[in-house]
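Single-structure report; data block below.
The values are calculated or read from the model by the stated rules, or taken from the named source; none is laboratory data. Just so it is clear, the structure is predicted and the values come from calculations on it, not from any experiment. Methodologically, a virtual Cβ is constructed for each residue, glycine included, from the backbone with ideal geometry; neighbour enumeration extends over all protein chains shown.
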Amino acid sequence: MAETQKISVLGPKDTFSDLAAQKYLKSHSQISAEISYQKTIRKVFEDLSCGNSQTAVVPIENIFLGFVWMTLDGLYDFSVQIVEEFILPIQLSFLSKVRHSQVKNIFVHPAAEKQCLNFIEKNCGEARIIHTDSNIDSFDRIDEDEFCAAVVPGHIYDENEKDYPFSVREISDYPNNLTRFVVLQNEKYAKKNYSEKSNKTSVVVYDNSDSPGILKNIADAFASREINMTSIISRPTKQMIGKYHFFINIDGSIKNDGVSKALAEIGKNYPVKFLGCYESVNE
């Protein structure tokens with residue numbers, strides 16, 4: 001019998017986060033789930049943490065824009081763990097009923113605008129940019145008058161292309177636009193028995209010391225054991241200027257002796273929060 005649960009994602013329906021949740025479900029046919037749409041990424045974390053949902057799917061990194069700060073803050077603030085990651089191709093398209101030079105208003109989500117700014121400036125440089133709450137909100141507002149256009153996900157373009165004769169299928173400034181999503185579970189229920197494929201570990205290290213050298217100490221703990229740090233991202237603690245916590249991804253499982261000893265060494269001087277051990281999407 002299929003497992004029944006709720007999956008919390010950033011809404012509304014048909015966003016890229018929704019597509020990511022659908023992709024997750026297709027790869028886990030044993031799971032029967034209802035998708036719960038939230039207004040913000042923080043609301044996704046709150047929904048998961050309080051037990052309204054059993055799983056959450058959130059974006060964590062775009063190939064062009066980098067890491068998603070709201071997701072990093074949620075990983076630090078809430079008792080959740082990463083249990084899986086995967087890649088979703090991102091196609092952004094342009095819908096318009098009029099020639100590009102005639103467009104007066106373009107509805108676009110701020111993140112989408114940053115990914116296709118060259119197209120907008122080259123083709124609709126005189127148009128007014130109107131930011132929206134989501135890519136779906138952009139589409140919902142396109143018919144406010146006949147001189148409006150919208151930047152929308154590729155699947156929305158495919159469903160509506162015939163109604164907008166001056167549309168363009170792919171407008172991303174760079175080819176191969178991708179977003180990495182992570183699957184989260186409440187810390188109480190996250191997988192504890194990591195498989196042999198669990199070859200990536202994520203942690204956050206908090207600097208609560210008054211002495212310099214945290215980055216060197218972290219790097220030395222891993223380098224001395226020949227452990228590769230694939231990324232290290234700093235975020236303000238929001239407590240005082242110049243204080244940061246560091247999100248770190250490393251190659252290797254937490255069950256690896258070198259990894260566990262490196263983290264134990266770091267933990268002697270700085271609080272370390274374990275964020276998950278899972279199969280790397282790059283493998």
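Summary table below
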item	result
For residue 171: the one exception among (1) surrounded by fewer than 19 Cβ atoms within 10 Å (Cβ to Cβ); (2) part of a loop (DSSP other than H, G, I, E, B)	(1)
Residue count, region 214-257 (criterion: touching an Asp or Glu at 6+ places or on another chain (Cβ under 7 Å), within 23 Å of residue 198 (Cβ to Cβ) and in a helix (DSSP H, G or I))	1
Hits in region 203-242 (condition: loosely packed, with under 15 Cβ neighbours inside 10 Å, under 25 Å from residue 78 (Cβ atoms) and of a type in the set (D, E, K, R))	238
Condition met for residue 101 (without any contact (Cβ under 8 Å) to a residue 60 or more places away in the chain and either crowded, with 22+ Cβ neighbours inside 10 Å or assigned to a strand (DSSP E or B) (or both))	no
Any hit, region 30-53, residues being part of a loop (DSSP other than H, G, I, E, B), touching a helix residue (DSSP H, G or I) at 6+ places or on another chain (Cβ under 8 Å) and closer than 18 Å to residue 84 by Cβ	yes
Any hit, region 111-128, residues being of a type in the set (Phe, Trp, Tyr) and over 21 Å from residue 20 (Cα atoms)	yes
Options 78, 94, 64; residue that is more than 29 Å from residue 113 (Cα to Cα) and among the aromatic types (Phe, Trp, Tyr)	78
Boolean, residue 182 is surrounded by 14 or more Cβ atoms within 10 Å (Cβ to Cβ), within 21 Å of residue 27 (Cβ to Cβ) and at pLDDT below 90	no
Selected residue (criterion: surrounded by the fewest Cβ atoms within 10 Å (Cβ to Cβ)) from residues of region 77-98 that are under 30 Å from residue 145 (Cβ atoms) and out of contact with any Leu (no Cβ under 8 Å at 6 or more places or on another chain)	98
Selection status of residue 266, assigned to a loop (DSSP other than H, G, I, E, B) and either surrounded by 14 or more Cβ atoms within 10 Å (Cβ to Cβ) or touching a residue at least 60 places away in the same chain (Cβ under 8 Å) (or both)	no
Candidates 139, 107, 119, filtered to the one that is touching a helix residue (DSSP H, G or I) at 6+ places or on another chain (Cβ under 8 Å), in a helix (DSSP H, G or I), touching a residue at least 40 places away in the same chain (Cβ under 8 Å) and farther than 30 Å from residue 232 by Cβ	139
Within region 137-153, considering residues that are buried (at least 19 other Cβ atoms within 10 Å of the Cβ) and within 23 Å of residue 20 (Cβ to Cβ), the one nearest to the chain's Cα centre (by Cα)	153
Tabulated pairs, region 222-233, first within 20 Å of residue 63 (Cα to Cα), second of a type in the set (S, T, N, Q), C-beta under 6 angstrom, 6+ apart or interchain	230/249; 231/249
Residues of region 13-29 satisfying the condition of being hydrophobic (A, V, I, L, M, F, W, C) and either within 14 Å of residue 179 (Cα to Cα) or not in a helix (DSSP H, G or I) (or both)	16, 19, 20, 21
